[in-house]
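> I have a structure here, written as structure tokens, and I will follow up with some questions on it.
The values are calculated or read from the model by the stated rules, or taken from the named source; none is laboratory data. Since we're looking at a predicted model, the values are computed, not measured. Using ideal geometry, Cβ is built from the backbone for each residue, glycine included, and neighbour counts are taken over all protein chains shown.
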Amino acid sequence: MSVQTSSTRNVNETRNVSRSLGSERSAGTPFTGRDPYPTRLARPLDMPWINRREPVVKGSVDDGPLSQAQLDEFDRKGFLFEPNFISGEELAELRRELKALLDRDDFRGRDFSIEEPQGKEIRSLFAVHFLSERFNQLARDDRLMGRARQILGGEAYVHQSRINYKPGFEGKGFNWHSDFETWHAEDGMPAMHAVSASIVLTDNHAFNGPLMLIPGSHRVFVPCLGETPDDNHKQSLKKQEIGVPSREALSELVERHGIEAPTGAAGGLLLFDCNTLHGSNANMSPDPRSNVFFVYNRRDNACVEPFAARRRRPGFLAHAADETWTPEES
């Protein structure tokens, strides 16, 4: 069932909200008009969410490898899980590359290497397609790029890449959030024309903190409260507190749609829309959980100035099309 607000929560009201918030962009920025997705607010709106403006699937079955049934599922739920996407020696090679990256002592303590809040274990490693030629090849593999183009309806580039790693017993969870809310507020992504591709590199099961998603939540945007602090990424990448939806909005969406946690053997692929609400529990098992993420943004959706932050986040978190990045820049 599609999420719908009441008849009083219509597009005109949304425009009035944006106008009252003074969300018109300053002169000289590439963006024109009013922000359709206001967030990081000082006070809550009189509506729990705002209807999404953009279509979810912009391409057609003729544009790529996904079937019509798969496109329909992605459109309806905001995500699609494909088990056994990679296997055999290719999977073994990626797992060896994962271990080699996590074992790099020179990466520890760097901005792009995020450690657990109460420990020294690596939680996330960003810009992995620049840190590793093997992951760079994977990010540009047409099996992934083709799916991204098909869903987004146009050519795409890698906006962000990362490895999320949850060590056994130690790996903490990730609060509920929409990636688009962060990318819009802090990176300046204008519209919902981005998709994440997550490849499971270790078995994901119910006890090692698999990704949980709220199906259907991608059809609404939930504004969040709280001004964005300077250098918010230094805290939010360890524990996100700004840019988190209210419990009331989450409760209502979960009541309508439930929660799903795709699990399975290493090698599966999870595609999910940039606005799908997701999070994960802590890893209570002895088994580590690791995934590699590539975020594809449509080229005509290039980031502008942040919509709810004083300055952009560092380059390792938000890449522009065709740019290069090295660890020395961090």
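> Answer yes or no as to whether Ala282 is in a loop (DSSP other than H, G, I, E, B), over 15 Å from the mean Cα position of the chain (by Cα) and on the phi < 0 side of the Ramachandran plot.
Judged against the criteria, Ala282 is a match.
> What residue, of Leu71, Leu91, Leu101, Leu66, is out of contact with any helix residue (DSSP H, G or I) (no Cβ under 7 Å at 6 or more places or on another chain) and of a type in the set (A, V, I, L, M, F, W, C)?
Exactly one residue qualifies, and that residue is Leu91.
> Sticking with this structure for a sec: Report, ordered by the first and then the second residue, all pairs with beta carbons closer than 6 Å, sequence separation of six or more or different chains, a first member in region 42-60 that is among the β-branched types (Val, Ile, Thr), and a second member that is surrounded by fewer than 19 Cβ atoms within 10 Å (Cβ to Cβ) and modelled with pLDDT of 95 or more.
The qualifying pairs are Val56/Asp75; Val57/Asp75.
> Give me the strands (runs of 3 or more DSSP E) completely within region 124-231, filtered to those with at least 1 residues that are more than 21 Å from Gly78 (Cα to Cα) and in contact with a strand residue (DSSP E or B) (Cβ under 7 Å, 6 or more places away or on another chain), ordered by residue number.
Fully inside region 124-231 and qualifying: 156-166.
> Of the conditions (1) within 25 Å of Lys58 (Cβ to Cβ); (2) crowded, with 23+ Cβ neighbours inside 10 Å, Arg299 fails just one. Which one is it?
Here Arg299 meets the rest and fails (2).
> For region 247-305, enumerate the residues that are among the hydroxyl-bearing types (Ser, Thr, Tyr) and at pLDDT 95 or above. Before you say what the answer is, go through the steps one by one.
In the first step, residues of region 247-305 are kept if they are among the hydroxyl-bearing types (Ser, Thr, Tyr); the result is 251, 263, 276, 280, 285, 290, 296.
Of everything in region 247-305, those that are among the hydroxyl-bearing types (Ser, Thr, Tyr) and at pLDDT 95 or above turn out to be Ser251, Thr276, Tyr296.
> While we're here: Looking at the structure I just gave you, is Phe85 surrounded by 15 or more Cβ atoms within 10 Å (Cβ to Cβ), under 27 Å from Pro262 (Cα atoms) and either out of contact with any helix residue (DSSP H, G or I) (no Cβ under 6 Å at 6 or more places or on another chain) or not hydrophobic (A, V, I, L, M, F, W, C) (or both)? Show your work before the answer.
Values: surrounded by 15 or more Cβ atoms within 10 Å (Cβ to Cβ): yes; under 27 Å from Pro262 (Cα atoms): yes; either out of contact with any helix residue (DSSP H, G or I) (no Cβ under 6 Å at 6 or more places or on another chain) or not hydrophobic (A, V, I, L, M, F, W, C) (or both): yes.
Taking the combined requirement at face value, the residue satisfies it.
> Of the residues Asn283, Asn275, which single one is of a type in the set (S, T, N, Q) and surrounded by fewer than 23 Cβ atoms within 10 Å (Cβ to Cβ)? Break it down into steps so the answer makes sense when it comes.
Numbers: Asn275 fails: surrounded by fewer than 23 Cβ atoms within 10 Å (Cβ to Cβ).
It is Asn283.
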